[in-house]
């Protein structure tokens, strides 16, 4: 992602004014790889893909996810049944701040998460949550993954109902995204997301 606030260029200049262009290019490629990891996380939780989700964390990584704390591997096992119980989820990432020092990066990302739940009586209700992912990421070999994550919730809204998706948008009905292999993105990417 090209940034217009010169932060990327300031970070390059901080490395050293005489740093070769190859090192500056590596810094740009590292930032792109970090952002790709964050986006794969969102895709993995929204499409309920446990293998892809495992692949954004290093095996010994930890996650403090507000309602749950522990090893990332255990987090995957914990969250998948919950995510699958939702009718729909959508996680979005923005305002990504990245500071790279060698093979370690400090990353803050704003998230907006929408979830459609079912109440005890079976009727749907919507929840919107917003906050930040605070990640310490590590580069091993050529790959960046999350080593430690802390989730901060900045605000949320629980709706006691849900919009009626059966009506469509402006009277035009359409099919919403799916989980797993039924989603159109599965045909688009195949296994390409897993192989990075």
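The values are calculated or read from the model by the stated rules, or taken from the named source; none is laboratory data. Just so you know, these numbers come straight off a predicted model, no measurement behind them. Here Cβ is always computed from backbone atoms with ideal geometry, including for glycine, and neighbour counts include all displayed protein chains.
Is region 131-144 home to any residue that is within 17 Å of the chain's Cα centre (by Cα), buried (at least 16 other Cβ atoms within 10 Å of the Cβ) and modelled with pLDDT under 90? No: region 131-144 contains no residue that is within 17 Å of the chain's Cα centre (by Cα), buried (at least 16 other Cβ atoms within 10 Å of the Cβ) and modelled with pLDDT under 90. At least 1 residues being in contact (Cβ under 8 Å) with a residue 12 or more places away in the chain is the threshold, and among the strands (runs of 3 or more DSSP E) wholly inside region 50-132 those reaching it are 57-64, 88-101, 104-118.
A single entry from 167, 157, 173 fulfils the requirement of being out of contact with any helix residue (DSSP H, G or I) (no Cβ under 6 Å at 6 or more places or on another chain), under 24 Å from residue 109 (Cα atoms), free of Cβ contacts under 8 Å to residues at least 40 places away in the same chain and exposed (fewer than 11 other Cβ atoms within 10 Å of the Cβ): 157. Selection of region 97-114 for residues being over 20 Å from residue 185 (Cβ atoms) and crowded, with 18+ Cβ neighbours inside 10 Å yields 98, 100, 105, 107, 109.
Scan region 181-196 residue by residue and report those that are at pLDDT 80 or above and within 25 Å of residue 109 (Cα to Cα).
Within region 181-196, 185, 189 meet the criteria.
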